[in-house]
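Visitor: Structure below; questions to follow.
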């Protein structure tokens, strides 16, 4: 079974590149052994969407009321799709 490729589509005119690269870094640190690659995909129209290369949407800012994902939330969503059961350490604990 081949490892998935994660795509981060970001709006270049909104300058979401900084957030996209930060999210890419977080995902590569956490899932470097579980993915075969990560792509940054310039877009427009306020886009900020994380998906697998097969089109499975992991997070879409437009369907989430315009908000961006928290790092912990994104890691959990990615894990649930590409590496169920993977321990995320402190990203798996709830804030009390």
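Visitor: For the chain, what is the relative contact order in percent, using Cα pairs closer than 8 Å and at least 6 residues apart in sequence?
Guide: Taking the mean separation of contacting Cα pairs over the length of the chain, I get 29 percent.
Visitor: Follow-up question, since we're still on this one. Give me Rg/Rg_expected for the chain, where Rg uses Cα atoms only and Rg_expected = 2.2 N^0.38 Å with N residues. Walk me through the intermediate numbers first.
Guide: Working: Rg = 13.0 Å, N = 96, 2.2 N^0.38 = 12.5 Å.
The chain yields a ratio of 1.04.
Visitor: Could you tell me the distance between the Cα centroids of the range 56-96 and the range 1-27, to the nearest Å?
Guide: If we compute the Cα centre of each part, the gap is 14 Å.
Visitor: Which order results if 17, 58, 50 are arranged by neighbouring Cβ count within 10 Å, fewest first?
Guide: Ordered from fewest to most neighbouring Cβ atoms within 10 Å, 17, 58, 50 come out as 17, 58, 50.
Visitor: Roughly what percent of Cα-Cα pairs across the range 57-96 reach past 11 Å?
Guide: More than 11 Å apart: 66 percent of the Cα pairs in the range 57-96.
Taken together, the values in this text are just the output of simple stated rules run on the coordinates, not laboratory data. These figures come from a predicted structure and were not determined experimentally. When we count neighbours, we look across all protein chains shown, and the Cβ atoms used for this are built from the backbone with ideal geometry, even at glycine.
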